[in-house]
Each structure stands twice: as C-alpha cells, then as structure tokens.
Amino acid sequence: MMAKGVYTPPTATMHVLQKDSAIIAAFADALGVDTPLLDTAAPFYDEAEAMGYAEEDVGAVHAVLARRAGLGGER
C-alpha cells in the first residue's frame, strides 16, 4: 500500500485507529501511565486524517511522512 500510495481497501481505517488510540490514551491517563510512543505517533495520524485519509488504511500515514520529507504525498 505504501509503495503504491493506494490505501484502499483498508485493513484498519485511520478513523478506527484514532478512536482506539483515544481509548488507550484515556485509560493510560487514568492509570497515570505515560504513553511516549502513542504521544509521538498521534500527530502523524491526526495529520493523515486532516489530509482526508480517515476512511483509508492506517498505512496512509506514509503520505504524511512523504509530504513532510518533500517526496509528495499530497492528495
């Protein structure tokens, strides 16, 4: 998917990942547990959703990384 830049059909959508990540973050927060990897990754997935990839595969985060690296990734 990442090599082709085609993120459909999704195996897991960006939207579902975001929902699950929010549940995990809230649970960890309630336990007082740090989530440094989730905290670091979340902005990339937020950006992918903002770019219009919410209903596409989570691999679409590649488009964010490619855009940030100046390698394309725009819609």
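Quick look at the numbers
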quantity: DSSP-loop GluC sites (Glu not before Pro) across the chain, with at most 11 other Cβ within 10 angstrom; calculated: GLU74
quantity: Accessible area of the range 30-75 belonging to carbon and sulfur atoms, whole % at 1.4 Å probe; calculated: 59
quantity: Assigned charges on the beta-carbon of Lys, Arg, Asp, Glu; the chain dipole about Cα centre (debye); calculated: 300
quantity: Farthest positive-ward along the chain dipole, Cα basis, beta-carbon charges - from GLY32, TYR53, ALA42; calculated: TYR53
quantity: Rounded to whole Hz, the Karplus (6.51, -1.76, 1.60) HN-Hα couplings of the range 55-62, x for glycine and proline; calculated: 9, 9, 4, 4, x, 5, 4, 4
quantity: The chain: calculated mean residue ellipticity at 222 nm from DSSP helix runs of at least 4, using -39500 (n - 2.57); calculated: -16500 deg cm²/dmol
quantity: Formal net charge of residues neighbouring ASP57 (Cβ-Cβ distance under 13 Å; K, R +1; D, E -1); calculated: -2
quantity: Accessible area (Å², per residue) of the chain, counting only protein heavy atoms and a probe of 1.4 Å; calculated: 65
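The values are calculated or read from the model by the stated rules, or taken from the named source; none is laboratory data. Since this is a predicted model, take the numbers as computed values, not measurements. Cβ: placed from backbone, ideal geometry, glycine included. Neighbour counts: every protein chain shown. Note: areas computed on protein heavy atoms with side chains; ligands, DNA, RNA excluded. Shrake-Rupley method; radii C 1.70, N 1.55, O 1.52, S 1.80 Å.
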